[in-house]
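Quick notes on the structure that follows.
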Amino acid sequence: MGAARTLQDMFFEFSGKDSLATLTFVGAKMMRMTFAQLYDEAMRIARALVMHGLIPGTTVGVMAVNSAAWIQTFFGIIAAGCVVLPIDVQTEDDDLRRMLRIADCQLILADIDQADRRSHLPVEFASIGRFGAPVAPEVEMITIALTAKPQDVAVIVFTSGTTGVPKPVELTHANLISNVTALCAEKIIRPGDRALVPLPLHHIYPLTVGMLAVLASNAAIVLPAGLSGSELVKAMRDAEVTALLGVPRLYSALLASLRAVIVRRKGLAARLFPVLIASASFAQRRMGLRLGNILFRRVRTEIGPKLHLMVSGGAALPVEDERVLNVLGWQVLTGYGLTETSPILAFNRPACPRVGTVGQALSGVHLRIANPDFGGVGEIEATGVSVFSGYRKDEAATAMAFTPDGWFRTGDLGYLDADLYLHVTGRAAETIVLTNGKKIDPEALEVRYVSDPAIRELAILGGPTGLTALVVPDEEYLRENGAMRLYDRIASVLLARSRTFAPYLRLVGFAITLTPLPRTPLGKLRRHMLPPLYACASKNESTSPVTDDILPEDPRVVALWQWLRARYPGKQVRLTTSPQLELGLDSLGWVDLSLALHRDFGINLTEQQISRVVTVGDLMREATAAQADTPQDTAEDKSEAWLTPYGTGLQIARLAGEVLLKLTMRLAFRLQVNGLEHLPTPPFVICPNHVSYFDAFVLAAALPHRRLRKSYFAGWAGLLFATPLERLFSRAAQIIPIDPDREAGASIARAVSVLDCGNALIWFPEGRISPDGRLQPFQKGIGAVLERAPVPVVPAWIDGTVEILPPGRRLPRPRRVTVSFGPAINIELVGPVCAGRSRQSVIACAIHEAVVALAGDKRVLH
């Protein structure tokens, strides 16, 4: 390409070129278009605009999904000397009216499915694919001349609106050409390359970098049929894509998919994958050897055989994701910019990228840091040809956007290192300032908290008492791994992560919603919309828009739907409603509901089916799919495998382990036991507090041999029952599997069987390890066990284990530990059911009070 002064200059150089310009996937077909064909189609549109009476400088909107027609229309508007207004097809009517009014838009070229908006919007609509066709002879006679000047407005783009109302940015031909020319000079994209652009072209980042810079480099744009993983991979393979233009969420999803594929393969490859990643990373950082090019060639080939370059923009790419992608053998280039800067201000050049930075200033751009603090961090300011001159029809906003000496205030915080690489540390408007003066970048902290497959999205918010989080769980993961104790699962994940952070970075609260967090088309959070969503989620109110629920025309389905709504009066029961979060169903509540379904409809839901239910819609599907003759197994369980006597070898191993455990506890941890006289003859239940995984070992050592021989521990099925070796250990240690996520009824039945056989049961009624060492409320599970088997209950208090082995620590450290047993409680003498409280809750509360009394003043408040 020559040295274009305007986008018109750039476009007119397309004429007569037969090299490939676009590859577009439409369904299973791949459509090709050369530069010459692009030129001819765009000129047809330009002539039609002139015939339509539009003069140079008139604003024309483009409201369509990515397609070859979108690109043709863009250049047709530019060729006619008009101004392009890119519009997101999902823009609400009220927002669209505001945009059209500010931009003085006279015509919108839109997808055919936008036609129904014509009647209630004050602008003329025309079909993007049919405008100007067929070509009349008089239209072909129209001459299109180079009329645009560098200072003329070429595009009006509205900002993403992450912190408020989107602002109209006027970008001139000079702004855009400056950015394109500088990018082309770096030879990031080379002639003949094929760049996959899955991002919407109405945003300035894919428009400038993915469309204009690619075409100006004499390379081809590849537009996938959709954004699903299979559609992207098909496009990369079939179109022989060499470069991918994406945003951080796309690359994070790609890595998650790769890891999931590796894990599903199991075997040696799955176990060695993390080791190979770590080894290749070390070799690349310390010795400059790119071993990943060899080690992971097969992985890269499965994604895209010719893909070598990944360009990330729109938001910050997590450093760990960037490192792993580089180690896998791809070259990853990150950059930084804003809509107001056309957009690129800085980027990592191919010859000298630096992980963790957004690179150095683009040619023609100058950067500085305003009012830096002691660490050099301040607001990033920029100047250069690519920087816009102001917001359309908003002088006040324009004045605030520039310094007195004309530098643009980006609103982002960062610093320049000794080599002038830019480090972006956060956005000034999004920075959370705590009451102690600490400043928090929520985006950086969110990346550190999202580390578990159960969490799909997480947003950090500030509050009067500290940081809180709005969490969106991964519904598919929960359906596969159990959803009944959704809140506890998320709480455990956040607690584990919190312990690795400084105290002021730890969460003081969180709320769960099933509604996706509001984001821009490029994946940035619209943070100004988060506080009301958090408020609704913390009150267990739906944050989903109220829409009409569409149900199959099946009398059974309709009857079940009406029955569900009647069962929960005062609750908003919709297909998107969460039974766990919004209807308040815990694991025992599910048992009651399944029994009611069997009684009233003859529907027998297994606990495996119930564990897959994340929404009421899931419940409807599982219930209608269940057969009426399915055996009811939610309340019964065959426990013989866990209760039958074991062989001589296991008896010897168990006795040897018991002796070793007791000696260790007495010598290394100075175990002291109080109240052994309160232990009755089995059957009975011991209910202790729970602050550490070490608690069970301490209790086992505290019990006399005769009592321990007849005692069974209730253990979480997800911890010690996954492998044959773990199951053998659990069998020897007399641990029975309890899984409230997947089989609440069977777990209760298993515990009752232990007591019916004349044994003692050790049950941790808090349901999970205490996050702060304080006693938590007791769950109703212990009440359900004792309701069916009303045996004596011994409260117990364990003191010292949280210092020995706190959550997150792998090896215990010697400390003194004490176990105290209190007088047994006669469950049959526990008070009557109170209004609004079940018998199970009353029993759990009575035991809780006994443990509180036993503990005295030792961290019992919750």
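Filter the stretch 106-132 for residues that are of a type in the set (A, V, I, L, M) and open to solvent by 70 Å² or more (accessible area, probe 1.4 Å) and give the result.
Within the stretch 106-132, Ile112 is the sole residue that qualifies.
Of the residues that make up the stretch 385-403, is at least one on the phi > 0 side of the Ramachandran plot and touching a Leu at 6+ places or on another chain (Cβ under 8 Å)?
The answer is no; no qualifying residue exists.
Return the total of residues in the stretch 792-816 being open to solvent by 20 Å² or more (accessible area, probe 1.4 Å) and touching a residue at least 60 places away in the same chain (Cβ under 8 Å).
Total satisfying the criteria: 10.
Select the helices (runs of 4 or more DSSP H) contained entirely in the stretch 166-278, then report the ones holding at least 2 residues which are surrounded by fewer than 24 Cβ atoms within 10 Å (Cβ to Cβ), without any contact (Cβ under 8 Å) to a residue 12 or more places away in the chain and not aliphatic (A, V, I, L, M).
248-265
Which condition breaks for Arg499 when tested against (1) farther than 19 Å from Gly523 by Cβ; (2) open to solvent by less than 50 Å² (accessible area, probe 1.4 Å)?
It fails just one condition, (2).
If you go through the stretch 600-614 one residue at a time, do you hit one that is at pLDDT below 80, among the aromatic types (Phe, Trp, Tyr), open to solvent by 20 Å² or more (accessible area, probe 1.4 Å) and touching a Leu at 6+ places or on another chain (Cβ under 9 Å)?
Checked against the condition, which is being at pLDDT below 80, among the aromatic types (Phe, Trp, Tyr), open to solvent by 20 Å² or more (accessible area, probe 1.4 Å) and touching a Leu at 6+ places or on another chain (Cβ under 9 Å), the stretch 600-614 yields at least one hit.
Please list, ordered by first then second residue, the pairs with beta carbon atoms under 7 Å, 6 or more apart or interchain, first in the stretch 17-42 and touching a residue at least 12 places away in the same chain (Cβ under 8 Å), second surrounded by fewer than 20 Cβ atoms within 10 Å (Cβ to Cβ) and of a type in the set (Asp, Glu).
Met30/Asp238; Thr34/Asp18; Ala36/Asp18
Please work out which residue is farthest from Ala796 (Cα to Cα), limiting yourself to the stretch 667-681 and to residues that are touching a residue at least 12 places away in the same chain (Cβ under 8 Å) and among the hydrophobic types (A, V, I, L, M, F, W, C).
Ala668
Return the only residue of Leu54, Leu100 being touching a strand residue (DSSP E or B) at 6+ places or on another chain (Cβ under 9 Å), among the hydrophobic types (A, V, I, L, M, F, W, C) and under 26 Å from Gly523 (Cα atoms).
Just a single option satisfies the conditions, and that option is Leu100.
Residues of the stretch 565-612 being over 31 Å from the mean Cα position of the chain (by Cα), of a type in the set (S, T, N, Q) and part of a loop (DSSP other than H, G, I, E, B), which ones?
Across the stretch 565-612, the qualifying residue is only Asn604.
Looking only at the stretch 759-777, filter to residues that are modelled with pLDDT of 90 or more and open to solvent by 20 Å² or more (accessible area, probe 1.4 Å); which one of those is nearest to Pro682 (Cα to Cα)?
Across the stretch 759-777, the extreme among qualifying residues is Trp763.
Residue check: is Val472 in a strand (DSSP E or B) and closer than 15 Å to Asp772 by Cβ?
no
Just to be sure, is Ala145 of a type outside the set (Lys, Arg), farther than 28 Å from Glu395 by Cα and surrounded by fewer than 24 Cβ atoms within 10 Å (Cβ to Cβ)?
In short, yes.
Scan the stretch 104-137 for residues that are over 22 Å from Ser67 (Cα atoms) and either at pLDDT below 80 or within 35 Å of the chain's Cα centre (by Cα) (or both) and jot them down.
Answer for the stretch 104-137, where residues must be over 22 Å from Ser67 (Cα atoms) and either at pLDDT below 80 or within 35 Å of the chain's Cα centre (by Cα) (or both): Ser119, His120, Ala136, Pro137.
For the stretch 414-437, does any single residue satisfy the condition of being surrounded by 17 or more Cβ atoms within 10 Å (Cβ to Cβ), aliphatic (A, V, I, L, M) and within 18 Å of the chain's Cα centre (by Cα)?
no
Does Gly406 count as open to solvent by less than 50 Å² (accessible area, probe 1.4 Å) and in a loop (DSSP other than H, G, I, E, B)?
yes
Output yes when any residue across the stretch 123-144 is part of a helix (DSSP H, G or I), over 22 Å from Lys17 (Cβ atoms) and in contact with a strand residue (DSSP E or B) (Cβ under 8 Å, 6 or more places away or on another chain), and no when none is.
no
The values are calculated or read from the model by the stated rules, or taken from the named source; none is laboratory data. Treat the numbers as computed from the prediction; the structure is a model and nothing was measured. Quick reminder, even Gly has a Cβ in these numbers, built from the backbone with ideal geometry, and neighbours come from all protein chains shown. The protein model used for the area step is the full one, side chains on, heavy atoms only, and it has no ligands, DNA or RNA in it. Shrake-Rupley method; radii C 1.70, N 1.55, O 1.52, S 1.80 Å.
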